[in-house]
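Trainee: First, the structure itself, so that you have it in front of you.
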There are 2 protein chains.
Amino acid sequence: MNLLVGQSGGPTAAINASLAGVIKAGLDSKEIGKVYGTVNGIDGVLNDELVDLEKFRDEKLLKLLIQTPSSYLGSCRHKLPNLDEGRETYEKIEEIFKKYDIGYFLYIGGNDSMDTVDKLSKYFAEKKSDIRVVGVPKTIDNDLCQTDHTPGFGSAAKFVANTARQLAFDTKVYGTTKSVIVLEIMGRNAGWLTAAASLANNENIKAVDAVCLPETVFDKEKFLSKVDGVMKEKNFSIIAVSEGIKDSEGNYIGENKTATRKDGFAHAALGGVGKTVESWISQGLGLKTRSIELSTLQRCFSVGASKCDLDEAFEAGHKGVELVLSGETAIMIGFNRISDEPYKIDIVPYKVSEIANGEKTIPIDMISPDGMEMNENFIKYARPLICGEPDISYTDGTIDFVTR
Amino acid sequence: MNLLVGQSGGPTAAINASLAGVIKAGLDSKEIGKVYGTVNGIDGVLNDELVDLEKFRDEKLLKLLIQTPSSYLGSCRHKLPNLDEGRETYEKIEEIFKKYDIGYFLYIGGNDSMDTVDKLSKYFAEKKSDIRVVGVPKTIDNDLCQTDHTPGFGSAAKFVANTARQLAFDTKVYGTTKSVIVLEIMGRNAGWLTAAASLANNENIKAVDAVCLPETVFDKEKFLSKVDGVMKEKNFSIIAVSEGIKDSEGNYIGENKTATRKDGFAHAALGGVGKTVESWISQGLGLKTRSIELSTLQRCFSVGASKCDLDEAFEAGHKGVELVLSGETAIMIGFNRISDEPYKIDIVPYKVSEIANGEKTIPIDMISPDGMEMNENFIKYARPLICGEPDISYTDGTIDFVTR
């Protein structure tokens, strides 16, 4: 029996580390024949576009894969039809699986991809097939249910925190000119990555003074009053704003009513909240304000990644293969936190049906009473995830990588 | 006699390395009593705000200073009046210099700051004063005359190149969806930093397919035709666009006619060119297009800096002190390139009067015939400047620094 692995959804800096973990465990296993990758997620199965991953027996290449930005196998945003509505899609997948003698399918992705794992494993169960399907999580949004956190979040969080810290130094250089940076950060309904900007602060610098989260109602007056108070005491401030903040009526602040760009899962593409908040601060408070949209940089930066994140991502992929071989199916690999200090987790299986299409937002006990700062509970939770610097290789100044 | 050092203009990732070089040479010299820093450039002199830099005898602290983002001493954008129009400003500076027994003044900055060095050294010469003034260059724009290149450019160029490479990987993941990124890069009249995006390319990936420089006329039709041709062959492309591109009539493409933000030197603040070019591509060619403005990230990122740049910046500062002690004044430290392979430079003095207020743009022999790509001459020139990775220290995932 052979193993197939795929990657789906938006890339992260750690998604190839999980792929490397799957490949390593697959190639090392005597029970597995070949290790195949599907190009562009489930689309590669439907298009009969599988690649043999044998070349990664070369340990140097496997190490390069870990630091390669984005998704080595390509990605897709393909929502499978419901079982009772689109059986021909499932039959096509089953046919390709038979053609390549696939017994194990590992899918690396976020909540939408876990929906694919859930549906596929249900289909195979219903058909009494032996094919087993396991999900390996990734998302910079950190919004998957059950698991303590998600591979990809740590590196994105580290990028956001170090960006906020460095921007704070850049912003405070002109002594007498008060200046505010509005940092627009990804996260539609969960503010984990926006909250991570707080990790820029330590006892020697308060870089980030406010975080605006989708979990709380954005109250323009309260917000401007907070910024006003902060800027009476300081000459600079970084304000971290999630793309998904909403007003008291539930309308996205950043929503462009005329936007037509939608992804395959019909989420409205957000943007523009940074510029909106920038204009409120500059006009409402008369402060020099600049908004910066981190855009896709926050999900593809392997330069400055978190070693904790890359290591865990690799282990999650590896564990996925171990568990699929032990007979598990319809699960997602997750992290169960044992302790904060010292930081310790167990890598465990969760039922994918309890994760697919769910969303985990920030609990209220991690947020300050005014709703605009992260408290110690959050810092304790998030700090370990950004720790450690991986050994990244460069040639003549640019990051090394491996391509298909 | 004591030494005074200041930093001016927009920060870079290497400006503190030059400061560290000045401090190290100053503290090590037996001819120099105290080493002072002026807070916020020449403003700190006028406001009598000098700090003693004695603490940097601690080598650990000096090493931290090198990696600290932005300008440790703060900055200003203060253009000194002409000598015949504002003598009281110069007299005030002289008074403070006397108060602190300053015999040597080193000013780290770009072309506007070299104007300060020029004027001050002329004032002291005219007064037959022994006070000597030396400029140490910095600018991410790389637009200072005479010198082969400028400290700060290498690290910014490396950030741009690695950003473009990583974005290329992020952009190409969706196999069938063709997608273009417009990367808006700083550089008002000189396109060096925009050109540096080309360093993202190597024999295994062509990340950047076009660069739009202020040195060439931006011809919308020719540009769209080029992008169209590229996207017939590929499914992704990064287009690097300088904030300072102009049409055939010399109008900035990105100029916001209603913008009121101007810096102290009366340059119009540019912005918006990325969005403009994005809309031309998406509407003109019907391609999925996203513009990303690198904004101030490109000048403050110490994470991922160039070791060549930080080392040279340190040496430039150090050499500045050596030369000021040997009797030099009215000079700027610069780099004279001896060879490309192996890369070798000499650190030499240039007359600051020949540099102040000048601007060095990209020579035509580094640009492709169509004006939209960089050729081998540029790569040979720029590649060595981004090489090497400095040993950056972190605590719990965020970059270490030192503050005043």
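Trainee: When you scan segment B:177-195, do you find a residue that is in a helix (DSSP H, G or I), within 13 Å of chain A (Cβ to nearest Cβ) and in contact (Cβ under 8 Å) with a residue 24 or more places away in the chain, even just one?
Mentor: Applying the first criterion (in a helix (DSSP H, G or I)) to segment B:177-195 yields B:192-195.
Now narrow it down to the ones that are within 13 Å of chain A (Cβ to nearest Cβ): none.
No.
Trainee: Still on this model: Can you find a residue in segment B:371-394 that is over 20 Å from the mean Cα position of the chain (by Cα), part of a loop (DSSP other than H, G, I, E, B) and free of Cβ contacts under 8 Å to residues at least 60 places away in the same chain?
Mentor: Checked segment B:371-394: at least one residue is over 20 Å from the mean Cα position of the chain (by Cα), part of a loop (DSSP other than H, G, I, E, B) and free of Cβ contacts under 8 Å to residues at least 60 places away in the same chain.
Trainee: Can you spot a residue in segment B:331-346 that is in contact with a helix residue (DSSP H, G or I) (Cβ under 7 Å, 6 or more places away or on another chain), surrounded by 22 or more Cβ atoms within 10 Å (Cβ to Cβ) and assigned to a loop (DSSP other than H, G, I, E, B)?
Mentor: No, segment B:331-346 contains no residue that is in contact with a helix residue (DSSP H, G or I) (Cβ under 7 Å, 6 or more places away or on another chain), surrounded by 22 or more Cβ atoms within 10 Å (Cβ to Cβ) and assigned to a loop (DSSP other than H, G, I, E, B).
Trainee: Right, something else. Cβ-Cβ distance below 6 Å, separation of 6 or more or different chains: which pairs start in segment A:119-142 with a residue that is more than 14 Å from residue A:98 (Cα to Cα) and end on one that is of a type in the set (D, E, K, R)?
Mentor: Filtered contacts from segment A:119-142: A:140/A:299.
Trainee: Residues being within 30 Å of residue B:160 (Cα to Cα) and of a type in the set (A, V, I, L, M): count how many of those fall in segment A:294-331. Steps first, answer last, please.
Mentor: Start the filter on segment A:294-331 by keeping residues that are within 30 Å of residue B:160 (Cα to Cα), which leaves A:294-314.
Restricting the remaining residues to those that are of a type in the set (A, V, I, L, M) gives A:294, A:297, A:303, A:305, A:310, A:313.
Here the count works out to 6.
Trainee: Quick one: in segment A:384-404, which of the residues that are charged (D, E, K, R) and either within 8 Å of chain B (Cβ to nearest Cβ) or more than 18 Å from residue A:14 (Cβ to Cβ) (or both) is surrounded by the fewest Cβ atoms within 10 Å (Cβ to Cβ)?
Mentor: A:404
Trainee: Here is a follow-up. Residue under question is residue A:118, and the condition is that it be in a helix (DSSP H, G or I) and either touching a Lys or Arg at 6+ places or on another chain (Cβ under 9 Å) or surrounded by 16 or more Cβ atoms within 10 Å (Cβ to Cβ) (or both); does it hold? Can you show your working first?
Mentor: Working: in a helix (DSSP H, G or I): yes; either touching a Lys or Arg at 6+ places or on another chain (Cβ under 9 Å) or surrounded by 16 or more Cβ atoms within 10 Å (Cβ to Cβ) (or both): yes.
Yes.
Trainee: Can you tell me how many residues within segment A:24-52 are crowded, with 20+ Cβ neighbours inside 10 Å, of a type in the set (A, V, I, L, M) and under 18 Å from residue A:98 (Cβ atoms)? Talk me through it step by step, then tell me what you get.
Mentor: As a first pass, look at segment A:24-52 and keep what is crowded, with 20+ Cβ neighbours inside 10 Å: A:24-26, A:35-45, A:50.
Now drop any that are not of a type in the set (A, V, I, L, M), which leaves A:25, A:35, A:39, A:42, A:45, A:50.
Then drop every residue that is not under 18 Å from residue A:98 (Cβ atoms), which leaves A:35, A:42, A:45, A:50.
Qualifying residue count for the region: 4.
Trainee: Go through B:204, B:189 for me and flag whichever is of a type in the set (S, T, N, Q) and touching a Pro at 6+ places or on another chain (Cβ under 7 Å).
Mentor: Numbers: B:204 fails: touching a Pro at 6+ places or on another chain (Cβ under 7 Å).
Just one listed residue meets the conditions, B:189.
Trainee: Does segment B:347-370 hold any residues that are among the hydroxyl-bearing types (Ser, Thr, Tyr) and part of a loop (DSSP other than H, G, I, E, B), and which are they? Spell out the reasoning first.
Mentor: Keep residues of segment B:347-370 that are among the hydroxyl-bearing types (Ser, Thr, Tyr), which gives B:350, B:353, B:361, B:368.
Of everything in segment B:347-370, those that are among the hydroxyl-bearing types (Ser, Thr, Tyr) and part of a loop (DSSP other than H, G, I, E, B) turn out to be B:361, B:368.
Trainee: Name, by its number, the condition in (1) within 13 Å of chain A (Cβ to nearest Cβ); (2) in a helix (DSSP H, G or I) that does not hold for residue B:123.
Mentor: (1)
Trainee: Collect the residues in segment B:1-47 that are closer than 30 Å to residue B:87 by Cβ and touching a Cys at 6+ places or on another chain (Cβ under 7 Å), keeping them in residue-number order.
Mentor: B:8, B:40, B:41, B:42, B:43
Trainee: Then there is this: Filtering segment A:294-310 down to residues that are buried (at least 24 other Cβ atoms within 10 Å of the Cβ) and among the charged types (D, E, K, R), which residue is farthest from the chain's Cα centre (by Cα)?
Mentor: Restricting to residues being buried (at least 24 other Cβ atoms within 10 Å of the Cβ) and among the charged types (D, E, K, R), the top hit is A:309.
Trainee: Within segment A:281-334, how many residues are closer than 27 Å to residue A:350 by Cβ, in contact with a Lys or Arg (Cβ under 7 Å, 6 or more places away or on another chain) and at the interface with chain B (Cβ under 9 Å from one of its Cβ atoms)?
Mentor: The number of residues fulfilling the criteria is 1.
Trainee: Quick check: is even one residue across segment B:311-322 without any contact (Cβ under 8 Å) to a residue 24 or more places away in the chain and over 19 Å from the mean Cα position of the chain (by Cα)?
Mentor: Start the filter on segment B:311-322 by keeping residues that are without any contact (Cβ under 8 Å) to a residue 24 or more places away in the chain, which leaves none.
Looking through segment B:311-322, none of the residues is without any contact (Cβ under 8 Å) to a residue 24 or more places away in the chain and over 19 Å from the mean Cα position of the chain (by Cα).
Trainee: Can you tell which of B:381, B:350 is aromatic (Phe, Trp, Tyr), within 14 Å of another protein chain (Cβ to nearest Cβ) and surrounded by 13 or more Cβ atoms within 10 Å (Cβ to Cβ)? Outline the logic, then answer.
Mentor: Values: B:350 fails: within 14 Å of another protein chain (Cβ to nearest Cβ).
The conditions single out B:381.
Trainee: Does residue A:327 satisfy the condition of being part of a helix (DSSP H, G or I), among the small types (Gly, Ala, Ser) and touching a strand residue (DSSP E or B) at 6+ places or on another chain (Cβ under 9 Å)?
Mentor: Values: part of a helix (DSSP H, G or I): no; among the small types (Gly, Ala, Ser): yes; touching a strand residue (DSSP E or B) at 6+ places or on another chain (Cβ under 9 Å): yes.
Answer is no for this residue.
Trainee: Looking at residue A:288, is it surrounded by fewer than 20 Cβ atoms within 10 Å (Cβ to Cβ) and closer than 19 Å to residue A:164 by Cα? Outline the logic, then answer.
Mentor: On the way: surrounded by fewer than 20 Cβ atoms within 10 Å (Cβ to Cβ): yes; closer than 19 Å to residue A:164 by Cα: yes.
Yes, satisfied.
Trainee: Follow-up question, since we're still on this one. Please work out if residue A:55 is surrounded by fewer than 22 Cβ atoms within 10 Å (Cβ to Cβ) and under 21 Å from the mean Cα position of the chain (by Cα). Don't jump to the end; show me each part of the working.
Mentor: Working: surrounded by fewer than 22 Cβ atoms within 10 Å (Cβ to Cβ): yes; under 21 Å from the mean Cα position of the chain (by Cα): no.
Judged against the criteria, residue A:55 is not a match.
Trainee: Report yes if residue A:68 is within 13 Å of another protein chain (Cβ to nearest Cβ), farther than 20 Å from residue A:93 by Cβ and not aliphatic (A, V, I, L, M), otherwise no. Outline the logic, then answer.
Mentor: Numbers: within 13 Å of another protein chain (Cβ to nearest Cβ): yes; farther than 20 Å from residue A:93 by Cβ: yes; not aliphatic (A, V, I, L, M): yes.
In short, yes.
Trainee: Which condition number in (1) within 14 Å of chain A (Cβ to nearest Cβ); (2) surrounded by fewer than 24 Cβ atoms within 10 Å (Cβ to Cβ); (3) touching a Ser or Thr at 6+ places or on another chain (Cβ under 8 Å); (4) not in a loop (DSSP other than H, G, I, E, B) is the one that residue B:108 fails?
Mentor: Against the list (1) within 14 Å of chain A (Cβ to nearest Cβ); (2) surrounded by fewer than 24 Cβ atoms within 10 Å (Cβ to Cβ); (3) touching a Ser or Thr at 6+ places or on another chain (Cβ under 8 Å); (4) not in a loop (DSSP other than H, G, I, E, B), residue B:108 comes up short only on (2).
Trainee: Another question about this same structure. Here is a check on your reading of the model: is residue B:237 part of a strand (DSSP E or B) and either among the polar types (S, T, N, Q) or surrounded by fewer than 23 Cβ atoms within 10 Å (Cβ to Cβ) (or both)? Step through it out loud before you land on a result.
Mentor: On the way: part of a strand (DSSP E or B): yes; either among the polar types (S, T, N, Q) or surrounded by fewer than 23 Cβ atoms within 10 Å (Cβ to Cβ) (or both): yes.
Against the criterion (part of a strand (DSSP E or B) and either among the polar types (S, T, N, Q) or surrounded by fewer than 23 Cβ atoms within 10 Å (Cβ to Cβ) (or both)), residue B:237 qualifies.
Trainee: A further question on this structure: Any idea which of (1) in contact with a His (Cβ under 9 Å, 6 or more places away or on another chain); (2) buried (at least 24 other Cβ atoms within 10 Å of the Cβ) is the one residue B:188 doesn't satisfy?
Mentor: (2)
Trainee: Quick one: is residue A:276 at pLDDT below 95, surrounded by fewer than 22 Cβ atoms within 10 Å (Cβ to Cβ) and within 14 Å of chain B (Cβ to nearest Cβ)? Full working, then the answer.
Mentor: Working: at pLDDT below 95: yes; surrounded by fewer than 22 Cβ atoms within 10 Å (Cβ to Cβ): yes; within 14 Å of chain B (Cβ to nearest Cβ): no.
Answer is no for this residue.
Trainee: Output the number of residues of segment B:146-171 satisfying the condition of being more than 8 Å from every other protein chain (Cβ to nearest Cβ) and either part of a loop (DSSP other than H, G, I, E, B) or not aromatic (Phe, Trp, Tyr) (or both).
Mentor: Of the residues in segment B:146-171, the ones more than 8 Å from every other protein chain (Cβ to nearest Cβ) are B:146-157, B:159-160, B:164, B:168.
Now narrow it down to the ones that are either part of a loop (DSSP other than H, G, I, E, B) or not aromatic (Phe, Trp, Tyr) (or both): B:146-152, B:154-157, B:160, B:164, B:168.
Going through segment B:146-171 one residue at a time, the tally reaches 14.
Trainee: Next question, about the same structure. Only one residue in A:27, A:73, A:61 is within 14 Å of another protein chain (Cβ to nearest Cβ), out of contact with any Ser or Thr (no Cβ under 8 Å at 6 or more places or on another chain) and closer than 30 Å to residue A:386 by Cα, so which one is that?
Mentor: Working: A:27 fails: within 14 Å of another protein chain (Cβ to nearest Cβ); A:73 fails: out of contact with any Ser or Thr (no Cβ under 8 Å at 6 or more places or on another chain).
Being within 14 Å of another protein chain (Cβ to nearest Cβ), out of contact with any Ser or Thr (no Cβ under 8 Å at 6 or more places or on another chain) and closer than 30 Å to residue A:386 by Cα holds for just one of A:27, A:73, A:61, which is A:61.
The values are calculated or read from the model by the stated rules, or taken from the named source; none is laboratory data. What you see is a predicted model; the values in this text were computed from it and never measured. Here Cβ is always computed from backbone atoms with ideal geometry, including for glycine, and neighbour counts include all displayed protein chains.
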